[in-house]
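Working notes for the structure below.
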Amino acid sequence: MTRRIVRADHVATYPDPFRIARGAALRLDGREDIWDGRRWLWATDPGGRGGWIPDTLIAPEDDHPRALRTYSALELTCRTGEALEMLESTHGWGWCRSAAGAEGWVPLRNLAPPTAGTPDAGPED
């Protein structure tokens, strides 16, 4: 875990975000987006629910794509100055936990390491 301080507010985009279980089949329709230099693919689950996924979530040569791991597009709404624990990062986003225990993705560009001398500037794990 890595401590981070929110340097710009972030409001979650989707009220009911895309989720997929490891091994679940995905349908790709060819839509893609480059966000902060990283490739995102539009995927649809067997129930017809769609969402953006990192291109690393599937094997690139897979003719019948399946999720390589469980993934949720849940975003974390957070405010400037808030201290978060970043548990992982990928494709320009960090999966973070708030002091209240809420978790979700926050853009890395909205996060910064704590500055020396602040209460949240303890040693990084």
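The values are calculated or read from the model by the stated rules, or taken from the named source; none is laboratory data. Fair warning: this is a prediction, and the values are worked out from it, not measured in the lab. Note that we place each Cβ from the backbone using ideal geometry, even for glycine, and neighbour counts take in every protein chain shown.
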Qualifying positions in segment 79-115 - of a type in the set (Asp, Glu) and exposed (fewer than 12 other Cβ atoms within 10 Å of the Cβ): GLU88
Within segment 1-40, restricting attention to residues that are under 12 Å from ALA73 (Cβ atoms) and touching a helix residue (DSSP H, G or I) at 6+ places or on another chain (Cβ under 9 Å), which residue is surrounded by the most Cβ atoms within 10 Å (Cβ to Cβ)? ILE20
Take the residues of segment 96-125 that are within 25 Å of THR70 (Cα to Cα) and touching a Ser or Thr at 6+ places or on another chain (Cβ under 7 Å): which is modelled with the lowest pLDDT? ASP125
LEU74 vs. criteria closer than 20 Å to LEU108 by Cβ, of a type in the set (A, V, I, L, M, F, W, C) and surrounded by 16 or more Cβ atoms within 10 Å (Cβ to Cβ): yes
Between residues in segment 78-102 that are closer than 14 Å to ALA12 by Cα and residues that are aromatic (Phe, Trp, Tyr), which pairs lie under 6 Å by C-beta distance while being six or more apart or on different chains? TRP93/TRP105; TRP95/TRP105
List the residue pairs whose Cβ atoms are under 6 Å apart, where the first residue sits in segment 48-69 and is at pLDDT 85 or above, the second is small (Gly, Ala, Ser) and surrounded by 13 or more Cβ atoms within 10 Å (Cβ to Cβ), and the two are 6 or more positions apart or on different chains. GLY51/ALA73; ILE53/ALA43; LEU57/ALA67; ARG66/ALA25; ALA67/ALA24
